[in-house]
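For reference, the structure is listed below as structure tokens.
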Amino acid sequence: MKQLNTIQNYIFLISAIMMVVGVGCVVFGIMPKVTAIVFAVGTITFALLQMSQVYDGNNLTLKRLRRIMVMADIAFIISGLLMIENVYRIFFPHIAKTIDGYNTYVHVVHNNWVVALLIGAVIELYTTHRMAYIIKKEEEEGNVNN
């Protein structure tokens, strides 16, 4: 795996903190209009930095896990966009002109950022732990063979 440099690691950590703070503040109603933007910026930065970490090795399992991790990043970005729509209601007046439009909006957008965030988090946890296990296993096999 390509490692991030020191500055990128700090930005990565700050973006993860921005995600946590953004979610917590929106859930508890603390300045939701500001913290939704903080969350969205954090998710985009987190996803971009994580996508910049490429795997150049030959292990097919790690390549597959990297592709799955990109899906988690996409889910994070979608959750940020849905949170912004949920807080600011940008498209709400255009979609909810009829009762069918309102029902569609509620089913598709209203608070569904939580679902996208949960999907991304579960995938992220799985891929992170699985990749760490495989990399550790490869290092142990390399030490035994040498």
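Can you tell me which residues in the stretch 94-140 are aromatic (Phe, Trp, Tyr), touching a helix residue (DSSP H, G or I) at 6+ places or on another chain (Cβ under 9 Å) and open to solvent by 60 Å² or more (accessible area, probe 1.4 Å)?
Once the filter is applied, which keeps residues that are aromatic (Phe, Trp, Tyr), touching a helix residue (DSSP H, G or I) at 6+ places or on another chain (Cβ under 9 Å) and open to solvent by 60 Å² or more (accessible area, probe 1.4 Å), the stretch 94-140 yields 102, 126.
Can residue 39 be described as at pLDDT 95 or above and either of a type in the set (Gly, Ala, Ser) or within 30 Å of residue 136 (Cα to Cα) (or both)?
No.
Only one of 75, 36 is assigned to a helix (DSSP H, G or I), open to solvent by less than 70 Å² (accessible area, probe 1.4 Å) and within 30 Å of residue 133 (Cα to Cα); which?
None of the other options fit; the residue is 75.
Could you list all residues from the stretch 84-117 that are of a type in the set (Gly, Ala, Ser) and under 21 Å from the mean Cα position of the chain (by Cα)?
Once the filter is applied, which keeps residues that are of a type in the set (Gly, Ala, Ser) and under 21 Å from the mean Cα position of the chain (by Cα), the stretch 84-117 yields only 116.
Matching residues to (1) open to solvent by 70 Å² or more (accessible area, probe 1.4 Å); (2) within 16 Å of residue 118 (Cβ to Cβ):
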residue: 51; (1), (2): no, no
residue: 60; (1), (2): yes, no
residue: 66; (1), (2): no, no
residue: 79; (1), (2): no, yes
residue: 83; (1), (2): no, yes
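Out of the residues in the stretch 24-33 that are without any contact (Cβ under 8 Å) to a residue 40 or more places away in the chain and either small (Gly, Ala, Ser) or in a helix (DSSP H, G or I) (or both), state the one that is most open to solvent (accessible area, probe 1.4 Å).
Restricting to residues being without any contact (Cβ under 8 Å) to a residue 40 or more places away in the chain and either small (Gly, Ala, Ser) or in a helix (DSSP H, G or I) (or both), the top hit is 28.
Between a residue in the stretch 71-97 that is within 24 Å of residue 52 (Cβ to Cβ) and any residue that is open to solvent by 80 Å² or more (accessible area, probe 1.4 Å) and in a helix (DSSP H, G or I), which pairs come within a Cβ distance under 6 Å, given they are 6 or more apart or on different chains?
75/119
Which numbered condition in (1) open to solvent by 30 Å² or more (accessible area, probe 1.4 Å); (2) part of a helix (DSSP H, G or I); (3) in contact (Cβ under 8 Å) with a residue 12 or more places away in the chain is the only one that residue 2 fails?
All conditions are met except number (2).
The values are calculated or read from the model by the stated rules, or taken from the named source; none is laboratory data. For clarity, every value in this text was computed on a predicted model and none was experimentally measured. Note that each Cβ is placed from the backbone with ideal geometry, even for glycine, and that neighbours are counted across all protein chains shown. Quick note on the areas: whole protein, heavy atoms, side chains included, nothing else; ligands and nucleic acids left out. Shrake-Rupley method; radii C 1.70, N 1.55, O 1.52, S 1.80 Å.
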